[in-house]
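Structure first, commentary second.
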Amino acid sequence: MQAGARRVVVAIDGPAGAGKSTIARRVAQRLGFTYIDTGAMYRAVALWALRQGVDSSDHHRTEQLAMAAEIELAPGRICLNGEDVTEAIRTPEVTSGASKIAVIPGVRRAMVAKQREIGERASVVMEGRDIGTAVFPKADVKIYLDADPAERVRRRLKEEIAKGAAVSADAVAREMKERDQRDSTRADAPLAQAPDAVYVDSTGLNVDEVEEAVLKIVRLKITNGKGFH
Ligand code: DC
């Protein structure tokens, strides 16, 4: 599939552990589009704030960091102010910190501006919480990827164990519930399904099946005269 003369935006939103990153990365690869993990951008700001000792209740200073942050995304890597922070942004402290700083409107403004800039340069598969609702409300394709909470916990636990982390299912479930609650109830651009997003429930499906389901939706939307001329 070729994007032709026009750029295409595929937006994938959903809660933690629904499989957004894996699916978005694979779909982008299949389409030859750029994959953008917007959660990694919030994580990079959270990491910087933690390192600077800036508390997430200090909205002004956190916003200043978000505006000053030089974030570069390369395939599979993320750099913050020239430093590769790909692994550093995956700790539990940063995970929780990212959700906390993401409630700050000024932080969101800075991230959204960077995300729009990227989407204006290339065809993208962008995943996060507010891509179809706030970042690209006119995205060509919007997917809301979900799975039932027990399955999301199982997947996250498996990932953590694979990384060698000593965590319990209870701890993962608690952390995930708290984060989903915060992400979906904040005042500014909360996690929500856009009215025109296609709901995909990945519960009980394997990665290949979800990838195919998403690609099918993308192809249907795009060949509906809306893209790929
Ligand atoms: O996708 P993730 O788990 O890496 O995201 C980390 C946090 O960043 C998430 O809990 C909420 C925030 N986030 C957001 O508010 N908006 C996005 N588009 C992406 C992530």
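Among residues of the stretch 159-182 that are touching a residue at least 12 places away in the same chain (Cβ under 8 Å) and within 14 Å of the ligand (Cβ to nearest atom), those with a beta-carbon under 9 Å from a residue that is of a type in the set (Val, Ile, Thr) and assigned to a helix (DSSP H, G or I) at least six positions away or on a different chain give the pairs GLU160/VAL172; VAL172/VAL153; GLU175/THR95; MET176/VAL153; LYS177/VAL153; ARG179/THR95. Take the residues in the stretch 132-149 that are within 19 Å of LEU215 (Cα to Cα) and of a type in the set (Asp, Glu); name whichever of them is surrounded by the most Cβ atoms within 10 Å (Cβ to Cβ). Of everything passing the filter in the stretch 132-149, ASP146 is surrounded by the most Cβ atoms within 10 Å (Cβ to Cβ).
Of VAL218, VAL214, all but one fail to be farther than 27 Å from GLU87 by Cα, within 17 Å of the chain's Cα centre (by Cα) and surrounded by 15 or more Cβ atoms within 10 Å (Cβ to Cβ); the exception is VAL214. Look at GLU117 and say whether it is without any contact (Cβ under 8 Å) to a residue 40 or more places away in the chain, within 14 Å of the ligand (Cβ to nearest atom), over 15 Å from VAL10 (Cβ atoms) and out of contact with any Pro (no Cβ under 6 Å at 6 or more places or on another chain). No: the conditions fail for GLU117.
Taking LEU145, is it more than 22 Å from GLY14 (Cβ to Cβ) and within 15 Å of the ligand (Cβ to nearest atom)? In short, no. Tell me whether the stretch 9-25 contains one or more residues that are more than 24 Å from GLU120 (Cβ to Cβ) and more than 19 Å from the chain's Cα centre (by Cα). Taking every residue of the stretch 9-25 in turn, none turns out to be more than 24 Å from GLU120 (Cβ to Cβ) and more than 19 Å from the chain's Cα centre (by Cα).
Whenever a residue of the stretch 11-29 is closer than 12 Å to ARG155 by Cβ, its partners that are within 8 Å of the ligand (Cβ to nearest atom) and in a strand (DSSP E or B), lying with C-beta atoms within less than 7 angstrom and at least six residues away or across chains, give the pairs LYS20/GLU127; SER21/ASP37; SER21/GLU127. For the stretch 1-101, the strands (runs of 3 or more DSSP E) that sit wholly inside it and include 3 or more residues that are among the β-branched types (Val, Ile, Thr) are 9-13.
Selection within the stretch 186-226: residues that are out of contact with any Ser or Thr (no Cβ under 9 Å at 6 or more places or on another chain) and of a type in the set (Val, Ile, Thr). The member of this set that is nearest to GLY14 (Cα to Cα) is VAL200.
Only one of the numbered conditions (1) at pLDDT below 95; (2) within 17 Å of ILE36 (Cα to Cα); (3) assigned to a loop (DSSP other than H, G, I, E, B); (4) among the small types (Gly, Ala, Ser) is not met by ALA139, and that is (1).
Residues in the stretch 183-197 that are of a type in the set (A, V, I, L, M) and within 11 Å of the ligand (Cβ to nearest atom) were compared, and the one that is nearest to LEU157 (Cα to Cα) is LEU191.
Scanning the stretch 28-59 for residues that are surrounded by 18 or more Cβ atoms within 10 Å (Cβ to Cβ), under 14 Å from the mean Cα position of the chain (by Cα) and away from the ligand (no atom under 15 Å from the Cβ) returns a single hit, ALA28. Mind checking whether some residue in the stretch 84-98 is surrounded by fewer than 22 Cβ atoms within 10 Å (Cβ to Cβ) and farther than 22 Å from ALA16 by Cβ? Checked the stretch 84-98: at least one residue is surrounded by fewer than 22 Cβ atoms within 10 Å (Cβ to Cβ) and farther than 22 Å from ALA16 by Cβ. Considering (1) among the hydroxyl-bearing types (Ser, Thr, Tyr); (2) over 27 Å from MET176 (Cα atoms); (3) in contact with a strand residue (DSSP E or B) (Cβ under 6 Å, 6 or more places away or on another chain), the lone condition that THR86 does not fulfil carries the number (2).
The values are calculated or read from the model by the stated rules, or taken from the named source; none is laboratory data. Note that the structure is a prediction, hence the values are computed from the model and not measured. Counting neighbours? That spans all protein chains shown, and the Cβs are built from the backbone with ideal geometry, glycine included.
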